[in-house]
Amino acid sequence: MRLFTSRIVLKTPPHFNFWRAVYSHGWCALPPFRVDKENDTFSRLLELKDGSLAHCALSDAADALSVSIQSEKRVSHADKEEIRTQLSECFRMEEDLSGFYREAKLYPRYRWIPAVGAGRLLRAPTVFEDAVKMICTTNCSWSLTEVMIKNLTLLVGKKFVDEVGSFPNANAIAGLSESFVRKHIRAGYRSPYLVELAERVAAGKLDAESWRTSELPTNELFKQVRSVKGIGEYAAGNLLKLLGRYDYLGLDSWVRAKFYELHKNGRRVSDKTIEKHYAPFGKWRGLFFWLEMTRDWYSHKFPF
DNA sequence: GCGTCCAGGTCTACC
DNA sequence: GGTAGACCTGGACGC
């Protein structure tokens, strides 16, 4: 396949920390995201509106990201704008964290957050992809999540080059049988949940993309997210963080253990106790919580 | 190599 | 509203 190359520059907002955003949570290790540790780049295979694929390798530059594009076709001006938009969504360039940073500066133990520019959580170009990935993190090891997502991109997504496929859209997953998802994606009992979610989105019965701009109160939005089968308290709480709502903690076994270690000398406490601990941080509590639990990830530059 | 046990969230049925 | 059991997989472990 002949590939065309081009380059764009993506302006970044004040206090933007590229690698902090990349390593903000596990998404960077799930295809079609990829970290190239040797070349210090982070890449993403994007599917554009016309169905063509664009592989974007991002590297940090002063007040900007440099994006090297490889594509199956010549990249037009409109394509470049679409690539900018999709990558801006992933890095949440439009999200205003100034209120969060003002709050963080009030607490000595959280002043490191604005100082390093942490707080921007990486997300997929679409809510649908984030939701599918979140379901695939439930009730299993991280290695199994990696298997499921890799299988989705390679077996259902569009092939770009060997071992690199795009993330399948709702139509593609809606067209799969439950048995295929069980057998080949290895999603187990999550399979009917994934197919049902894709069918609802593909049929226009669920407008998940509108969640990012929803004006609903967070508790109402939480209920909508929870209405998706397979998305429970943990998955909904974490999906809301990717929608810019940080009112829920999204507890799972790993963060509970981390909280016990950091605050209770390893002693188990109830979820209510954890929630009470972060309640004073109001609408930012989920973000304070997550950043505190993962603070040490960045001390090893490549945690995944 | 095989069998058993366990961890990991969510759903459903039941109280 | 709270709880028990089922769901499925990979990994650890013992044989």
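Some notes on this structure:
- Added length on full extension, which subtracts the Cα-Cα distance from 0.36 nm per residue, A:Glu220 to A:Trp254: 9.5 nm
- Computed over the stretch A:127-233: relative contact order in percent, which uses C-alpha pairs under 8 Å that are six or more apart: 26 percent
- Dipole magnitude of chain A, debye to nearest 20 (Cβ charges: Lys/Arg +1, Asp/Glu -1, about Cα centre): 720 debye
- In Hz, Karplus ³J(HN,Hα) per residue of the stretch A:189-199 (6.51, -1.76, 1.60; θ = phi - 60°; x = Gly, Pro): 5, 6, 3, x, 5, 5, 5, 5, 4, 5, 5
- Under 25 Å from the Cα of A:Lys283 - lysines, other chains or at least 8 residues apart: A:Lys105, A:Lys133, A:Lys223, A:Lys241, A:Lys258, A:Lys264, A:Lys272
- For the stretch A:205-218, putting each phi into the Karplus relation 6.51 cos²θ - 1.76 cosθ + 1.60 with θ = phi - 60° gives couplings of 7, 10, 9, 5, 4, 5, 4, 5, 10, 4, 9, 5, x, 4 Hz, in residue order, rounded to whole numbers and with x for Gly and Pro.
- For A:Ala61, the residues whose amide H sits under 5 Å from its own are A:Ser66, ignoring neighbours fewer than 5 places away on the same chain, with H placed 1.01 Å from N.
- Ordering A:Ser227, A:Ser71 from the fewest to the most neighbouring beta carbons within 10 Å gives A:Ser227, A:Ser71.
- Where N is the number of residues in chain A, Cα Rg divided by 2.2 N^0.38 Å: 0.99
- For the stretch A:4-96: rounded, prolate or oblate by the Cα gyration tensor [a/c cutoff 1.5]: prolate
- Pairs from A:Lys183/A:Lys229; A:Lys205/A:Lys229; A:Lys73/A:Lys150; A:Lys11/A:Lys158; A:Lys37/A:Lys183 whose Cα-Cα separation, in the structure shown, is over 23 Å: A:Lys73/A:Lys150; A:Lys11/A:Lys158; A:Lys37/A:Lys183
- The distance linking the stretch A:78-130 with the stretch A:173-222 is 24 Å (Cα centroid to Cα centroid, whole angstrom).
- By the beta-carbon count within 10 Å of each Cβ, the least crowded to most crowded order of A:Arg285, A:Arg74, A:Arg2, fewest first, is A:Arg2, A:Arg74, A:Arg285.
- With neighbour counts taken as other beta-carbon atoms within 10 Å, the residues A:Thr213, A:Thr145 rank, fewest first, as A:Thr213, A:Thr145.
- Relative contact order (%) - chain A, alpha-carbon pairs under 8 angstrom, separation at least six: 16 percent
- For the stretch A:83-201, the square roots of the Cα gyration tensor eigenvalues, ordered a ≥ b ≥ c, give a/c of at least 1.5 with a/b greater than b/c, which places it in the prolate category.
- From phi via Karplus (6.51, -1.76, 1.60), per-residue ³J(HN,Hα) for the stretch A:65-82 in Hz, x at Gly/Pro: 10, 8, 10, 9, 10, 10, 9, 6, 9, 5, 8, 7, 4, 5, 4, 4, 5, 5
Values quoted throughout were computed directly from the atomic coordinates according to the rules given, and no laboratory measurement underlies them. Model, not experiment: these values are computed from the prediction. Here the Cβ is made from the backbone with ideal geometry for all residues, glycine too, and neighbour counts use every protein chain on show.
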